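**Student:** Sharing a structure below in structure tokens format, with a few things to ask.
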Amino acid sequence: MDCQSIRMLMRINKDKSVGRVLFIVEGGKTEFSLLKRIFCNVLGYEYIEKRRDKANFFRSKNISTSKIAVINTEESNISDICDENCYLDSVFETLISEYDFPVDKAAIYYIFDRDPKSNVNVPLIRKLISQLTNAYENEDGLRGGLLLLSYPCIESYVIANFIDDTHLIEFSIGEEVKAFVAENNKEIQYNKITEDTVKKAASEMMKYLDMEQITLEIDNMGRTNLAIFEKQELRYFQNKTYKLVSLLSVALIDLGIIEFDDICDSKQPQYIPL
């Protein structure tokens, strides 16, 4: 089954009420532009953001039962998920007190890069993959959430919105991916992201999983995450490159925004062969 056929099995449920959803991201610009485009412009949800380099919060004019908040960690490094300086806790307090956003009841997703230049602590990444496995649950006294990595960076998702067979493209570091986006800026543009391109990005992710023979287990994403990580680490060890893939689509599937027709009765199939 080709990419177009898979997209025909998907639909975007714009009427899905997802409640409160918090994205904790690494970067200071790209992730905000991307998530604002998807959730504010395409889906019409209420959108709140707080960037570490700006004093004030931004809140969209959209009125919706679905509220998306996007914040970044204190520094652009995966180790800052641990929040040793309580930076995230202070942002959470403002979200709760001023924006009717109870963080402890929100689905939480961490969107980070596996760029070997910026995130080099492999043991920590493995640890976080094993701990951050569910957007809604806390374990072992830790803040809940699901870690979703991009290989090698979040621009991989943007590319997947517009370019076919992105799972066959390889890059070493995020800077190379950003250069590719810049070189193809007539085709790859944030303001061109639509419902159809969001479905395309999801189908590109599924093609990668099929190629690597990895099962997408929404209810056990820790295992899927680890399988992807180990495959990508082996490729980097052998070739010094990563296959281009982003797991941002997992959040849209997990939230029920992307639905699959005629596969099975559950909200998301365990595995879709291509």
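**Student:** Mean separation of Cα pairs under 8 Å and 6+ residues apart, divided by the residue count of the chain: what relative contact order is that in percent?
**Tutor:** After rounding, I find 23 percent.
**Student:** If amide H atoms are built 1.01 Å from N in the plane of the peptide, which residues on other chains or at least 5 residues away come under 5 Å of the amide H of Tyr47?
**Tutor:** HN-HN under 5 Å from Tyr47: Ser60, Asn62, Ile68.
**Student:** Return the whole-Å distance between the Cα centroid of segment 167-240 and the Cα centroid of segment 8-43.
**Tutor:** First find each Cα centre; the distance between them is then 17 Å.
**Student:** Can I ask one more? For Met10, what residues show an amide H to amide H distance below 5 Å, using hydrogens built from the backbone and excluding near sequence neighbours?
**Tutor:** Those qualifying (amide H under 5 Å, at least 5 residues apart or on another chain) are Asp261.
**Student:** Is segment 68-121 best put as rounded, prolate or oblate by its Cα gyration tensor, with a ≥ b ≥ c the root eigenvalues, rounded for a/c under 1.5, and otherwise prolate when a/b is larger than b/c, oblate when not?
**Tutor:** Since a/c reaches 1.5 and a/b is larger than b/c, the shape of segment 68-121 is classed as prolate.
**Student:** Name the residue, out of Ile12, Ile63, Ile257, whose mean-square fluctuation peaks in a Gaussian network model built on the chain with Cα pairs under 10 Å.
**Tutor:** Of Ile12, Ile63, Ile257, the most mobile in the Gaussian network model is Ile63.
**Student:** For segment 2-105, what is the convex hull volume of its Cα atoms per residue in Å³?
**Tutor:** It is 131 Å³ per residue.
**Student:** While we're here: When a/c is below 1.5 the answer is rounded, else prolate if a/b is larger than b/c, else oblate, so apply that to the chain with a ≥ b ≥ c taken from the square roots of the Cα gyration tensor eigenvalues.
**Tutor:** Rounded is the answer for the chain, as its axis ratio a/c remains below 1.5.
**Student:** Also, I was wondering about something else. Could you name the aspartates and glutamates whose alpha carbon sits less than 16 Å from that of Lys54, not counting residues in the same chain fewer than 8 places away?
**Tutor:** Glu26, Glu31, Glu74, Glu75
**Student:** Which entries of Lys16/Lys207; Lys14/Lys240; Lys127/Lys178; Lys178/Lys231; Lys67/Lys240; Lys105/Lys178 have Cα-Cα distances beyond 30 Å here?
**Tutor:** Check vs 30 Å cut-off fails for Lys14/Lys240; Lys67/Lys240; Lys105/Lys178.
**Student:** Roughly what would the spin-label model give for Phe58 and Ser97, points 7 Å off Cα along C-beta, in nm?
**Tutor:** Distance between the two pseudo-spin positions: 2.4 nm.
**Student:** So, one more: May I ask you to derive the relative contact order of segment 106-165, considering only C-alpha pairs under 8 Å and at least 6 residues apart, and to give it as an integer percent?
**Tutor:** 45 percent.
Values in this text are rule-based calculations from the coordinates and carry no lab data. From a predicted model like this one, the values you see are computed outputs, not experimental measurements. Here the Cβ is made from the backbone with ideal geometry for all residues, glycine too, and neighbour counts use every protein chain on show.
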